[in-house]
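First the structure, in the form of structure tokens, and then the observations on it.
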Amino acid sequence: MGAYVIRRLAYGVGVIVGVLFLLFLLFFTVTQPDDIARRALGEKVSVEVIEQWKVNHGYDRPLWPWQDWDDNLLFEHYRRMLTFDFGVSDADDSPIIDRIRAGVGPSLSLTVPLLVLGILGGIPLSLLVAFFRETYIDRTGVFLCVLAMSVSIILYIVGAQYLIGKVLRWYPISGFDADLLMLPRFLALPIIVGLLSGIGGDVRFYRTVFLEESTRDFIRTARAKGASEPRIMTHHVLRNALIPILTRVVLAIPFLFTGALLLEAFFGIPGLGSMTFDAIQANDFSTLRTMVFIGSLAFVLGQIATDLSYGLVDPRVRFE
Amino acid sequence: MRGLPSANASLHVGIIAGLAFLLSPLLGCSNDPYPPAKEGEKVLYSSFIDAPRTLDPATAYTTRAHAITGAVYDTLLKYHFLKRPLELMPGLVVALPERTELGDGRVRYRFELREDLLYADDECFRLAGLDRTTREVVSQDVAFQLSRIADPEVGSPVIEPFSNILGFAEFGQRLTARREADPKFILRPVHEQYAAVGGIAGVVTPSIQVLEITLHRAYPQIKYWFAMEFTTPVPWEAVLVYDGKEGRPRFDDHPVGTGPYVLVEYDKQARYVLERSPNWYGVRHPEWKAPSAVFPSEGDEEDRRAGRLEYAGRSLPFIDRVEVRREKESIPRFNKFLQGYYDASGIIKESFDKVIQEDALSPEMVARGISLGKSVALDVFYIGFNLDDGVVGRGRGERSRKLRQAMSLAIDVEEYLRIFMNGRGVLAQSPIPPGIYGYRPEYKNPYTRVDLDRARTLMVEAGYPGGIDPTTGEALRLTFDSYDTSTAGMTQVRFYTSAWKQIGIDVRIEATNYNQFQEKLRNGAYQVFQFGWVADYPDPENFFFLLWSEMGKSKFGGPNGANFSNAAFDQLFESMKSRENGPRRMEEIREMTAILEHERPWIELFHREDYSLYHGWVRNVKPMGISAPTYQYRDIDPARRKADRLDWNKPIVWPAYALFAAGVLIVLPGIRTYLKERQ
């Protein structure tokens, strides 16, 4: 297993190094530092102020090592990212690591309940529709799932803000307050929207997995032995369907930290998703680079964690 | 049959648990985004879209930054809250500065600070070695701040106007030279560095209360800069301590000032909170009745009608706390205003017709007690011609002048305002907007109205009959350079090009990003462009300098994008800019306007009109037209707000129960069928 983990980590490092190079090409060669500076400083500033800004942010260096081996942007880019020294935001000079630290909490406060409630809601619902397979409940469920999947999350957001926030006045239309008494009030609406937009895909996926499992020989055996249908669904089908469920869940875990981009942005939750959204809007490339890097890191780690988790739930899986 | 009761029971438990889960949030639901305020406390609720890049008063140059810095940093001079046009009055100083002519064109201004002014309480004073958390404001603090503006490493965007101070530029050069020559020098505290290179020659502090500024040439507009936070007193201790190292905040995010409010909480991603400063001189010395610490008693008829003058002579501020929440999206922000959770709001485009009907508030808004405030911003938007260009520029003399005149007569600005801005704008007749000295309401520029017949005649006189360029035999082709590549921006530019098509001119749009656009301007590679200017201060000089030859974009890198260069205009400008307001100055402005009318370096478009909505519980709202702080003048009626909010925000719960019942009704028959089959 040790050799397997090392091999997977080595692949992961290769992917990260490649991603960093693509990031460099995208952010340093396509965009001119003057554009970034002008965006950050405003239109009235003089050329001298722009030049000083470039010096302060290190954008005055040559791009490639062959232009200056000791002091170039490519090596500096790798050094910073690989040592997690992300520097300061291009938009407001604040240290990016501080913003990440401040954003993780709000992001997790949204994404963890979303994941947990998504599983707690999605699995029983899929069991229900699978249980009533080929009845009107199954067909209605599948229809509603396809409908839910077909609607853009933006529409859910705007619709929920209008209907639940403005017309029914159940929860604040947007905003965030870390106070534990106020927090549920602000999270209710984005969680409802997140669940609605995700539940269709989840239920369809889990249902397919459950239906596939429910036609296996061991299920027929259990049924022949007189096991009740609820028991078959919860003890035999669910347990054996864990691998694909686990794949989906474990892959999602690293991304809990990077936040939910649109939900955070539209509901005003100051998490990492919102931070990424702001960085896109403000041409804050240093923050954007960092978030893309963290996203790719999370993806690679998620892949490795998923593979390793198979061995935990299925003794037949061997790492070689 | 053993399994049946168990399955039945578990289904029931599931249903009950699901019901409880679905309805649990509703048990305590409320759309109130705020925790309860303390009884009797006056809190103003507002919003911001994005946090400012910096709160350093030497570099902060945006309206959103001034919303904070204007409350936290007090200035030597202030604008009168009610008088229009805007008028200066003493702020931290005892009187308006005395001006003395020194000969050789030099001018001295003498400011006398009030005694016993204190900074807001802050730990930086203790960390810098004092035994308390505040200290007295001294004139050296203003000199320190002026030195910071001159310091190239600070990167202040307003170095140019302050370069009128004697020795200002030289101070920056000496500082840079010393830093480059001696690497250890930069390790010294910045106030010691400034002292070591000798300070700015034209900034002298004869006593801790007196500051003397000497200009090497007349620049009466300098006084306006002392009404802006750039020149506020700044304690060197704050700059020293708040360096962003070892967990300390940066001075950019941690202001320490002399203003009526203190920034007590600053989360750039979510909220900031301002609280009344107990150290502000207006609070500590209400008996002084200082002009900027009491509500003004002079106003116009509209102020009297709005009840503002009832506050005359009362000590400021009225609001205890300002809660500002981040609200990035305009629709939620506006809806929260309608729910009573924000005290004031602009009007979003999507709701404009619902809010404004026949240029007044709709009956629905009036019924809610909302009032509308209109103000014309101190700005100007215009289409400019590059007068260095071979076709539209001065090189072709009368021909190009007539071409520019014809193009002016083809643009229907009123239609533009109606389509793109909900009619929120005032037609510009000259660079000067209403509210600025020199604006003449009776003046109508003959080239800012639509007259296609006259335009076509002018095209013939210009040598382009029917818009045909005789050298090519095709429609005259021009380019319009734009730095707005968005769909909305392109649609707006197409409005102009379509207008010019009516007189036969084929204007192609070249849209690039802002820096490429700037690059084109620097190189002179452009013909027609659109631009806007927002005033820094309420003086005609701040508009006419956009057409002064010394500000030419191509030659000097200045903001005169039209590269307009006219000897008569320049002479008038130089005379006007150093003259105090009066009949002679008005005459000079009239003559300059006449030159622009004839020469047409610009097609003046509009001055933006701001529409603001306020709830009935908010008092003393009067837009200033420029970025100036007004929190201290506002007042609210918390009891009325509380009652209105409760009335407007009662939750409607029945749809939740209906939804749940519908779900149960869908599932129940299936369950019943299953149970029957099992039996």
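The values are calculated or read from the model by the stated rules, or taken from the named source; none is laboratory data. Owing to the predicted nature of the structure, the values given are computational and were not obtained by experimental measurement. Here Cβ is always computed from backbone atoms with ideal geometry, including for glycine, and neighbour counts include all displayed protein chains.
Assorted remarks:
- Looking across the stretch B:151-171, the residues that are within 12 Å of another protein chain (Cβ to nearest Cβ) and free of Cβ contacts under 8 Å to residues at least 40 places away in the same chain come down to B:Pro152, B:Glu153, B:Ile159, B:Glu160, B:Ser163, B:Ala169.
- Any hit, the stretch B:257-266, residues being in a strand (DSSP E or B), of a type in the set (Ser, Thr, Tyr) and surrounded by fewer than 20 Cβ atoms within 10 Å (Cβ to Cβ): yes
Yes/no matrix, rows are residues, columns are (1) outside any helix (DSSP H, G or I); (2) over 33 Å from the mean Cα position of the chain (by Cα); (3) within 14 Å of chain A (Cβ to nearest Cβ); (4) touching a residue at least 24 places away in the same chain (Cβ under 8 Å):
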| site | (1), (2), (3), (4) |
| --- | --- |
| B:Glu609 | yes, no, no, yes |
| B:Leu646 | no, yes, yes, no |
| B:Pro651 | yes, yes, yes, yes |
| B:Tyr657 | no, yes, yes, yes |
| B:Gly663 | no, yes, yes, no |
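- Filter result for A:Phe267 (of a type in the set (Phe, Trp, Tyr), away from every other protein chain (no Cβ under 13 Å) and in contact (Cβ under 8 Å) with a residue 24 or more places away in the chain): no
- The sole residue among B:Gly3, B:Gly14, B:Gly40, B:Gly28 that is over 20 Å from B:Tyr631 (Cα atoms) and at pLDDT 50 or above is B:Gly28.
- Residue that is nearest to the other protein chains (Cβ to nearest Cβ), among those in the stretch B:237-256 that are surrounded by fewer than 19 Cβ atoms within 10 Å (Cβ to Cβ) and small (Gly, Ala, Ser): B:Gly244
- Matching residues in the stretch B:573-607 - criterion: being in a loop (DSSP other than H, G, I, E, B) and either closer than 30 Å to B:Pro638 by Cβ or under 27 Å from the mean Cα position of the chain (by Cα) (or both): B:Ser578, B:Glu580, B:Asn581, B:Pro601
- Residue tally, condition of a type in the set (Val, Ile, Thr), free of Cβ contacts under 8 Å to residues at least 12 places away in the same chain and within 11 Å of another protein chain (Cβ to nearest Cβ), over the stretch A:104-157: 3
- Scanning the stretch B:71-125 for residues that are assigned to a strand (DSSP E or B) and under 30 Å from B:Val273 (Cβ atoms) returns B:Leu77, B:Lys78, B:Tyr79, B:Met89, B:Pro90, B:Val93, B:Leu113, B:Leu118.
- Residues within the stretch B:48-63 that are under 18 Å from B:Val256 (Cα atoms) and either assigned to a helix (DSSP H, G or I) or among the hydroxyl-bearing types (Ser, Thr, Tyr) (or both), tallied: 3
- Qualifying residue in the stretch B:321-339 (condition: assigned to a loop (DSSP other than H, G, I, E, B), away from chain A (no Cβ under 14 Å), touching a strand residue (DSSP E or B) at 6+ places or on another chain (Cβ under 7 Å) and surrounded by fewer than 20 Cβ atoms within 10 Å (Cβ to Cβ)): no
- Of the numbered criteria (1) within 23 Å of B:Val380 (Cα to Cα); (2) part of a helix (DSSP H, G or I); (3) without any contact (Cβ under 8 Å) to a residue 60 or more places away in the chain; (4) aliphatic (A, V, I, L, M), the one B:Ala499 fails is (3).
- Yes/no for A:Val30 being within 14 Å of chain B (Cβ to nearest Cβ), more than 30 Å from B:Val158 (Cα to Cα) and of a type in the set (Val, Ile, Thr): yes
- Count of the stretch B:665-679 residues, restricted to those that are over 16 Å from A:Leu128 (Cα atoms), surrounded by fewer than 13 Cβ atoms within 10 Å (Cβ to Cβ) and within 11 Å of chain A (Cβ to nearest Cβ), is 1.
- Screening the candidates B:Arg174, B:Arg178 for the property of being basic (Lys, Arg), farther than 27 Å from B:Glu87 by Cβ, touching a helix residue (DSSP H, G or I) at 6+ places or on another chain (Cβ under 7 Å) and more than 14 Å from every other protein chain (Cβ to nearest Cβ) yields one hit, B:Arg178.
- The number of residues in the stretch B:537-553 being within 14 Å of another protein chain (Cβ to nearest Cβ) and not charged (D, E, K, R) comes to 5.
- Restricting the stretch A:75-103 to residues that are outside any helix (DSSP H, G or I) and away from chain B (no Cβ under 12 Å) leaves a set whose member that is surrounded by the fewest Cβ atoms within 10 Å (Cβ to Cβ) is A:Thr83.
- Among the residues making up the stretch A:231-279, a single one is in contact with a Gly (Cβ under 6 Å, 6 or more places away or on another chain), more than 20 Å from A:Ala178 (Cα to Cα) and crowded, with 19+ Cβ neighbours inside 10 Å: A:Pro254.
- For the condition out of contact with any strand residue (DSSP E or B) (no Cβ under 6 Å at 6 or more places or on another chain) and either surrounded by 21 or more Cβ atoms within 10 Å (Cβ to Cβ) or not small (Gly, Ala, Ser) (or both), B:Glu510 does not qualify.
- B:Val493 being β-branched (Val, Ile, Thr), touching a strand residue (DSSP E or B) at 6+ places or on another chain (Cβ under 9 Å) and assigned to a helix (DSSP H, G or I): yes
- Elements of type helices (runs of 4 or more DSSP H) in the stretch B:369-486, at least 1 residues being within 17 Å of B:Val528 (Cα to Cα) and of a type outside the set (A, V, I, L, M): B:398-409
- Of all residues in the stretch A:158-185 being farther than 17 Å from B:Lys336 by Cβ and either of a type in the set (Ser, Thr, Tyr) or not in a helix (DSSP H, G or I) (or both), the one that is farthest from the other protein chains (Cβ to nearest Cβ): A:Leu180
- For B:Ile652, the requirement of being farther than 26 Å from A:Ile173 by Cα and surrounded by fewer than 18 Cβ atoms within 10 Å (Cβ to Cβ) is not met.
- Positions within the stretch B:344-361 being within 22 Å of B:Val621 (Cα to Cα), in a helix (DSSP H, G or I) and touching a Ser or Thr at 6+ places or on another chain (Cβ under 7 Å), in sequence order: B:Val355
- Flag for B:Ser315 being within 14 Å of chain A (Cβ to nearest Cβ), free of Cβ contacts under 8 Å to residues at least 40 places away in the same chain and surrounded by fewer than 23 Cβ atoms within 10 Å (Cβ to Cβ): no
- Looking across B:Leu102, B:Leu86, B:Leu77, one residue alone is touching a strand residue (DSSP E or B) at 6+ places or on another chain (Cβ under 8 Å) and farther than 16 Å from B:Ser292 by Cβ. It is B:Leu102.
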